[in-house]
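The values are calculated or read from the model by the stated rules, or taken from the named source; none is laboratory data. Predicted model only: the values in this text are computed from it and were never measured. Cβ placement follows ideal geometry from the backbone for every residue including glycine, while neighbour counts extend to all protein chains displayed.
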Amino acid sequence: MGSARSMLMLFSRAARGSMAKAAAYRGDFIVGLVVALLFEFLTPLATILIYRSSAMTGFPGWKMEEVLVLQAVFLISRGIAFPLFFGLVWVVFESVREGRFELILLRPRSPLLVALSQGLDMPGFVRLLGGLALLLWSAGRMGGIQARSILPFLLMLGLSALTLFSCALFMAGSLFVWVGNSRVSELLDSILLFAQYPGSIFSSGLQLVLAAVVPVSMVALFPAEVLLGRPDALVLPGIGASLAFFALGLGFWNFMRGKYAGAGG
Amino acid sequence: MSLIEVESLVKTYTTWQRGSGFGEIAKSVFKRELHEVHALNGISFDIGEGSLVGFLGPNGAGKSTTLKILTGVLHPTSGRATALGYCPWRERKRYVANIGAVFGQKSQLIWDIPPLDSFMMNQAIYAIEDGAFRSRLDSLSGMLGVRELMRQPTRNLSLGERMKCEFIMAMLHEPRIVFLDEPTIGLDLIAKESIRDFILEMNAQGVTFILTTHDLADVELLARRVIVINSGELVFDDGLERLRSYFGNRKRIRLLCRAAIADLGLEGLAETSRASDRDISYELDLGRTSLDRFIARANERTLIQDMSIEEIPIEGVIKELYRAAATLPRSP
């Protein structure tokens, strides 16, 4: 069996298992979904309030609809990356704490692949709908999006997902040594706050850090700028930084995974 | 031919400890007192194809460390190990495709969905062809009697039913070596018997089993060879019968007589318990006094009403081995 076909089979079985788990706890899934959608719309709602308030001028150089496109891109990027990659963090969190990670190491596959498949959250993709709806609404109010921006935007969205995947690798990797640290998600939430607003509100130094050091701007700002047809000069270094960030994340994961010694037998 | 070869395996790791006082807890947030643990001190052994080996030792003896090294999960500090011709920790992916494991206290089944879904997940992980998967699943589920159960959510199954499904998970990809860690823990007698029969059946088909357990009935009923480690060192490696006679060829005898039993005055005879003056249990070292002589002497001194002669329970021998730690000479 070819390895691509075999991997496809693995993820299709994992997807089926994930759906079956959600179906087993329907109430939990529905309540969780409603709460998540409500929370995800808090930032766009705050943006609308800021722009409608006569006392505030909004974000410098950005119209309200453009900011909403940026925030919609953020929701879409999260909607793709969280169900695909962030289950990894909780699989590692629980299995390392309980000394069960060896069950993953006993599989004749990459431990990363097995942990990703175990953490796959198919119902989580429903959250994408909120981002897509916001994007369509904001783009509609702007009179549409240029067709030639769509392909570059999709490529940037791929890099955005890769950047979030890198964050998941750093978080999961740290849990091999920082056992049972549930605060890693709060750390990520704090960092991602910087991803939801236009770069113009930050100092130029911070903009450089967010583009080329920890490529947070690649999560939503740069894909949104490309979609809106107004990419800034930091996009190119941002692309390089996001690829380097991924390589570092993968290296960190492999290094930390090598430190796993299990819990007492 | 050896399937597993272990030579001078050493594992040392660093851990930390602290006291339970408030000050010590606060201090440990900033600075932890590290110390070295010598989990394995150079153990060596071979295991042949088709064996069923009991791998025993008290808690903290180094059993889990050895098994983790042999399953490719841990790297040893020094020493050499090969299994199926692979170095487990260097060629982990290719090696683990040929081994299975059942952990009595760590489930491989997905809790919320039926075992069948977990089996299908394993089919994908091990890339088992559809036809081979169906035929293997049919055969294993039939042997273990879980065909009707494997479509129910795992959480609704009893412990015994779940453990049978754990065995299916471990055997679907036809492993050549299976590591069993407390496979019958918490099971009732019927479930234990069924699991043990399954292990014996699979072993008869050529699968090598390495069994770690504290349930010595598992060892007596399954293992033909026993390896005992203590404090990271190998203290016994031989057949079950040799284990029984490790501290001498002894029998346990219960003597019930018509009148009070006088002192029998025999060498190597030790009274172990006394229900009454007429009902006494002994342990007899056959190397010093034969059974014939014991019976003759008992008949001389009193009138035997009933008598039972049993092997020394393996539990007693194991207990002594555990206590003796690494000071014992290694069995030839």
Matching entry among A:A4, A:A15 (being of a type in the set (A, V, I, L, M) and under 20 Å from the mean Cα position of the chain (by Cα)): A:A15
Any hit, the range A:35-52, residues being more than 30 Å from A:S200 (Cβ to Cβ) and either in a helix (DSSP H, G or I) or small (G, A, S) (or both): yes
Residue within the range B:153-173 that is part of a loop (DSSP other than H, G, I, E, B), more than 19 Å from A:L103 (Cβ to Cβ) and either within 12 Å of another protein chain (Cβ to nearest Cβ) or at pLDDT 95 or above (or both) present: yes
Of all residues making up the range A:98-111, the number that are buried (at least 18 other Cβ atoms within 10 Å of the Cβ) and more than 7 Å from chain B (Cβ to nearest Cβ): 4
Selected residue [without any contact (Cβ under 8 Å) to a residue 60 or more places away in the chain and either at the interface with chain B (Cβ under 9 Å from one of its Cβ atoms) or not in a helix (DSSP H, G or I) (or both)] from A:S95, A:S6: A:S6
Subset of the range B:95-151 that is in contact with a helix residue (DSSP H, G or I) (Cβ under 8 Å, 6 or more places away or on another chain) and polar (S, T, N, Q) - its residue that is surrounded by the most Cβ atoms within 10 Å (Cβ to Cβ): B:S118
Qualifying position, being within 12 Å of chain B (Cβ to nearest Cβ) and farther than 28 Å from A:L169 by Cβ, among A:A24, A:A46: A:A24
Selection from the range B:65-94 of residues that are within 10 Å of chain A (Cβ to nearest Cβ) and either surrounded by 22 or more Cβ atoms within 10 Å (Cβ to Cβ) or among the charged types (D, E, K, R) (or both): B:T65, B:T66, B:K68, B:T71, B:G72, B:V73, B:L74, B:R92, B:K93, B:R94
Matching residues, the range B:95-123, being within 24 Å of the chain's Cα centre (by Cα) and at the interface with chain A (Cβ under 7 Å from one of its Cβ atoms): B:V96, B:A97, B:A101, B:K106, B:Q108
Some residue of the range A:199-208 being among the hydrophobic types (A, V, I, L, M, F, W, C) and either in contact with an Asp or Glu (Cβ under 7 Å, 6 or more places away or on another chain) or touching a residue at least 40 places away in the same chain (Cβ under 8 Å) (or both): yes
Unique residue being over 21 Å from the mean Cα position of the chain (by Cα) and under 18 Å from A:R107 (Cβ atoms) when the list is B:E166, B:E174, B:E148: B:E174
Of residues in the range B:187-237 being within 30 Å of B:Y13 (Cα to Cα) and of a type in the set (F, W, Y), the one modelled with the highest pLDDT: B:F209
Single residue of the range A:209-225 satisfying the filter (surrounded by fewer than 22 Cβ atoms within 10 Å (Cβ to Cβ) and touching a residue at least 12 places away in the same chain (Cβ under 8 Å)) that is nearest to the chain's Cα centre (by Cα): A:V214
Unique residue being under 24 Å from B:I168 (Cβ atoms) and either in contact (Cβ under 8 Å) with a residue 12 or more places away in the chain or in contact with a Ser or Thr (Cβ under 8 Å, 6 or more places away or on another chain) (or both) when the list is B:V37, B:V10, B:V96, B:V6: B:V96
Residue in the range B:130-144 that is touching a residue at least 60 places away in the same chain (Cβ under 8 Å) and within 11 Å of chain A (Cβ to nearest Cβ) present: no
Top-ranked residue in the range B:18-64 [being assigned to a strand (DSSP E or B) and of a type in the set (S, T, N, Q); ranked as farthest from the other protein chains (Cβ to nearest Cβ)]: B:S44
Criterion (more than 12 Å from every other protein chain (Cβ to nearest Cβ) and within 22 Å of B:Q123 (Cα to Cα)) met by exactly one of A:L128, A:L132, A:L116: A:L116
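Is it true that A:F202 is farther than 30 Å from B:F103 by Cα and under 18 Å from the mean Cα position of the chain (by Cα)? Step through it out loud before you land on a result.
Working: farther than 30 Å from B:F103 by Cα: yes; under 18 Å from the mean Cα position of the chain (by Cα): no.
Against the criterion (farther than 30 Å from B:F103 by Cα and under 18 Å from the mean Cα position of the chain (by Cα)), A:F202 does not qualify.
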Boolean, B:G232 is in contact with a His (Cβ under 9 Å, 6 or more places away or on another chain) and not polar (S, T, N, Q): yes
Total residues in the range A:112-128, condition crowded, with 20+ Cβ neighbours inside 10 Å and assigned to a helix (DSSP H, G or I): 8
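If you take just the strands (runs of 3 or more DSSP E) that sit entirely in the range B:216-332, which of them hold at least 2 residues that are of a type in the set (D, E, K, R)?
Because the criterion is at least 2 residues that are of a type in the set (D, E, K, R), the strands (runs of 3 or more DSSP E) in the range B:216-332 that meet it are B:233-239, B:250-257, B:269-276, B:279-285, B:304-311.
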Leading residue by the ranking (surrounded by the most Cβ atoms within 10 Å (Cβ to Cβ)) among those in the range B:239-281 that are in contact (Cβ under 8 Å) with a residue 60 or more places away in the chain and in contact with a strand residue (DSSP E or B) (Cβ under 7 Å, 6 or more places away or on another chain): B:L243
Failed item in (1) under 14 Å from the mean Cα position of the chain (by Cα); (2) not in a loop (DSSP other than H, G, I, E, B), with B:F198 passing the rest: (1)
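Residues checked against (1) in contact with a strand residue (DSSP E or B) (Cβ under 8 Å, 6 or more places away or on another chain); (2) under 30 Å from B:I69 (Cα atoms); (3) among the hydrophobic types (A, V, I, L, M, F, W, C):
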residue	(1), (2), (3)
A:T43	no, no, no
A:I48	no, no, yes
A:G61	no, no, no
A:F85	no, yes, yes
A:S95	no, yes, no
A:S117	no, yes, no
A:G124	no, no, no
A:S138	no, no, no
A:A147	no, no, yes
Every residue from the range A:129-177 that is outside any helix (DSSP H, G or I) and surrounded by 14 or more Cβ atoms within 10 Å (Cβ to Cβ): A:M142, A:I145, A:L175, A:F176
